[in-house]
1. Going by the alpha-carbon gyration tensor, a ≥ b ≥ c the square roots of its eigenvalues, is region 61-180 rounded (a/c under 1.5) or, if a/c is not under 1.5, prolate (a/b greater than b/c) versus oblate?
2. Rounded, prolate or oblate: which fits region 179-276 when a ≥ b ≥ c are the square roots of the eigenvalues of the alpha-carbon gyration tensor, with rounded for a/c under 1.5 and prolate only if a/b beats b/c?
3. For residue 100, which sequence-distant residues (separation of 5 or more, or a different chain) have an amide H within less than 5 Å of its own amide H, given hydrogens modelled in the peptide plane?
4. How large is ³J(HN,Hα) for each residue in region 120-133, as worked out from phi by the Karplus curve 6.51 cos²θ - 1.76 cosθ + 1.60 (θ = phi - 60°), to whole Hz, x for Gly and Pro?
5. Cross-link list 120/265; 115/161; 167/265; 89/282; 89/233: which exceed 32 angstrom alpha carbon to alpha carbon?
6. If r is the Cβ-Cβ distance from residue 233 to residue 120 and R0 is 25 Å, what FRET efficiency results, to the nearest 0.05?
7. What share of Cα pairs, in percent, lie more than 12 angstrom apart in region 175-226?
8. When the C-alpha atoms of the chain are aligned to their principal axes, what extent does each axis show, in angstrom, from largest down?
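The values are calculated or read from the model by the stated rules, or taken from the named source; none is laboratory data. Model, not experiment: these values are computed from the prediction. Cβ: placed from backbone, ideal geometry, glycine included. Neighbour counts: every protein chain shown. Remember, those area values only see protein heavy atoms, side chains included, never the ligands or the DNA or RNA. Shrake-Rupley method; radii C 1.70, N 1.55, O 1.52, S 1.80 Å.
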Amino acid sequence: MYVRPAAATAAAFLGFTLTLLGGTAQAAAPGPGTASPAGPATRRAEVGEPVVYAHRGAAAYAPENTLDSIDLARRLGFDWVENDVQRTKDGELVVIHDDTLARTTDVEQVFPDRKPWRVKDFTAAEIARLDAGSWFGEEYAGAFVPTLREYLDRVQGNRQKLLLEIKNPGLYPGIEEQTLKVLGEAGWLDERHVSQRLVVQSFSADSVRIVHGLRPDLVTAFLGTPTVPDLPKYAEFTDRINPWHTTISADWVAAVHGLRGPHGKAMEVDTWTVDDAATARKVQAMGVDGIITNAPDVVRDAVGGV
Ligand code: G3P
Ligand code: CA
């Protein structure tokens, strides 16, 4: 039986209107995609070290995308955590990376006849029964797959900040609107959160564009490495380009920084997934603004940043 109280906020997402989202106006000028002569002075990395994001929580040390992982990130001293959001069969948003439950839960033991154990084929109540911690270590037995609402409430309780990834949006029509609805219900769409505590990202440019259209005030990021000639198109709807670290160079980072995003600020770069000191120093030297890492303490020791 699915009993966690926060889960009672099951997704009544169909039919809600955009006005519920209450978007506010974005900065007007200069326009997106234009050159950014004053931009570099306003980027985060110019005033200190790169921002360090605890990927899926501190996923090197605790089971990814669980409340334990963000609690551990908090204890290690990290404000920013990253997660992955998908949707259950009955419309609940949950925090999990893979599109199946097999790798990070005991679903094969609990539901042996439900192969291939896709997230979208299980109800929230069924997923709530699963152990999402024992695969990582017995000390984490009992960890569960959190709903997005449960996760947001814990991040808030920890006074942390969230880099939220909409994962596999092609599998979940309308997940952008639904994610914003849950964020709003949890108090994450007020001015303070939007301006300082929340970034929404996706590998899907369409998904990022939809989020930007629904809430133009939100900071968004596209996961990938567009070519330099294509960057101005991305600058129309996203503030950041977040690439795999092996795909970038200092010149490419500079090209991103040279453009203004939809809020009139220089575009920024947060790269992933960097778990060793040498690579952290390498991408820092390229000028990245943030580093997304499973081992945030290792990166902090190498390049500073929190
Ligand atoms: O935040 C960047 C990173 O999470 C993207 O890759 O597969 O770990 O979600 P993945
Ligand atoms: Ca992710």
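1. Taking the square roots of the gyration eigenvalues as a ≥ b ≥ c, region 61-180 is oblate.
2. It is prolate, given that a/c is not under 1.5 and a/b is the larger ratio.
3. It is 119, by chain and number.
4. 6, 9, 10, 7, 4, 5, 5, 5, 5, 7, 7, 8, 9, x
5. Among 120/265; 115/161; 167/265; 89/282; 89/233, the Cα-Cα distance tops 32 Å for 120/265; 115/161; 89/282; 89/233.
6. 0.25
7. Everything past 12 Å amounts to 62 percent.
8. Principal extents (Cα only, largest first): 58, 45, 33 Å.
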